[in-house]
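Asks: A single structure is presented below for examination.
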Amino acid sequence: MFGFTDYADYRRSEREMDDRNERARKAREQQDLARRQAAARRTAERADRGRAADAVRPRVA
């Protein structure tokens with residue numbers, strides 16, 4: 001069975017693969033969270049710049 005010497009070796013390999021996949025999933029979630037936070041921050045900064053420009057811009061009646 002895939003070059004494993006015994007069932008314990010097979011299970012150890014499976015466990016290592018599961019652990020590696022879990023760490024990769026957590027890393028992807030952290031990257032996704034960071035990406036969403038950065039996008040929200042950029043959106044807020046863009047809105048703030050727009051409000052600041054509106055406050056400075058003279059009103060035409």
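The values are calculated or read from the model by the stated rules, or taken from the named source; none is laboratory data. From a predicted model like this one, the values you see are computed outputs, not experimental measurements. Because the Cβ atoms are built from the backbone with ideal geometry, glycine has one as well, and the counts that use them run over all protein chains shown.
Asks: Show the residue pairs that are 6+ apart or on different chains and have beta-carbon atoms under 7 Å apart, the first residue being within region 22-47 and among the aromatic types (Phe, Trp, Tyr), the second being in a helix (DSSP H, G or I) and exposed (fewer than 10 other Cβ atoms within 10 Å of the Cβ).
Replies: That search, which allows pairs on different chains as well, returns nothing.
Asks: Looking at Ala52, Ala61, Ala8, which is the one that is within 32 Å of the chain's Cα centre (by Cα) and at pLDDT below 95? Write out each step before concluding.
Replies: Details: Ala61 fails: within 32 Å of the chain's Cα centre (by Cα); Ala8 fails: within 32 Å of the chain's Cα centre (by Cα).
Sole residue among the options that is within 32 Å of the chain's Cα centre (by Cα) and at pLDDT below 95: Ala52.
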